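Everything below concerns the one structure shown next.
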Amino acid sequence: MSSTLPAGVYQPGDTLLHRLPVGVKIAGLALLSLSVVLVRDLRGSLVFLTLTLTLAVVARLPFKSLVRATRGVLLIAVLAAAIQWWFYGRDKAIETFLDLIILATAALIVTATTTVNAMLDSIVAWSTPLRRFGANSEKLALTFTLALTALPGTFTL
């Protein structure tokens with residue numbers, strides 16, 4: 001097993017998170033993301049950060065991988081935090097910064113513990129009912145998977 005994990009790349013393992021079904025992971029990511037957006041409080045952000053870092057430890061993600069993934073969103077997080085500080089103050093700025101780091105880390109955890117094929121297969125199965133409305137399940141699955149896989153490493157240098 002390598003010591004560094006490129007952002008957004010599956011890392012084989014046998015942890016609890018690796019064994020969870022794709023649907024549970026995607027639902028968990030959606031629930032966490034929604035919670036992070038809806039809970040507008042610095043203490044809430046600290047709780048979500050603790051939860052996300054705990055999940056990263058459970059998934060046995062190398063520390064370098066987490067740093068690399070968060071480095072990618074760091075510039076955006078700093079800019080967003082600066083704007084929030086200007087308009088709303090220090091606490092809102094810290095909350096915004098942490099929220100962006102949390103979301104990037106959560107996306108890394110899902111992509112690091114789930115194979116691309118497993119994600120594609122699940123999304124195709126879930127979106128099959130949309131075919132009667134003209135949706136292409138395969139394209140939808142590929143688009144979703146590419147977006148989720150690329151998210152943590154979008155700005156990685």
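The values are calculated or read from the model by the stated rules, or taken from the named source; none is laboratory data. Since the model is a prediction, treat every value here as computed from it, not as a measurement. We place every Cβ from the backbone using ideal geometry, glycine too, and count neighbours over all the protein chains shown. Side chains included, ligands, DNA and RNA excluded: accessible areas come from the protein's heavy atoms. Shrake-Rupley method; radii C 1.70, N 1.55, O 1.52, S 1.80 Å.
Descriptive notes on the structure:
- Test: residue in the range 53-64 that is among the β-branched types (Val, Ile, Thr), in contact (Cβ under 8 Å) with a residue 24 or more places away in the chain and more than 14 Å from Ile101 (Cα to Cα): yes
- Within the range 93-112, the set of residues being touching a residue at least 40 places away in the same chain (Cβ under 8 Å), more than 8 Å from the chain's Cα centre (by Cα) and under 13 Å from Leu42 (Cα atoms) comprises Ile94, Glu95, Leu98, Asp99.
- Residues that are open to solvent by 20 Å² or more (accessible area, probe 1.4 Å), closer than 23 Å to Gly13 by Cβ and hydroxyl-bearing (Ser, Thr, Tyr) within the range 88-125 comprise Thr115, Ser122, listed in sequence order.
- Within the range 8-35, the set of residues being assigned to a helix (DSSP H, G or I), β-branched (Val, Ile, Thr) and either closer than 11 Å to Ala59 by Cα or over 12 Å from the mean Cα position of the chain (by Cα) (or both) comprises Val22, Val24.
- When Asn136 is tested against (1) more than 23 Å from Gly28 (Cβ to Cβ); (2) polar (S, T, N, Q); (3) in contact with a His (Cβ under 9 Å, 6 or more places away or on another chain), exactly one condition is not met: (3).
- The residue of the range 46-82 that is surrounded by the fewest Cβ atoms within 10 Å (Cβ to Cβ), among those that are of a type in the set (Lys, Arg) and closer than 15 Å to Gln11 by Cβ, is Lys64.
- Residue check, Leu20 open to solvent by 20 Å² or more (accessible area, probe 1.4 Å) and out of contact with any Asp or Glu (no Cβ under 7 Å at 6 or more places or on another chain): yes
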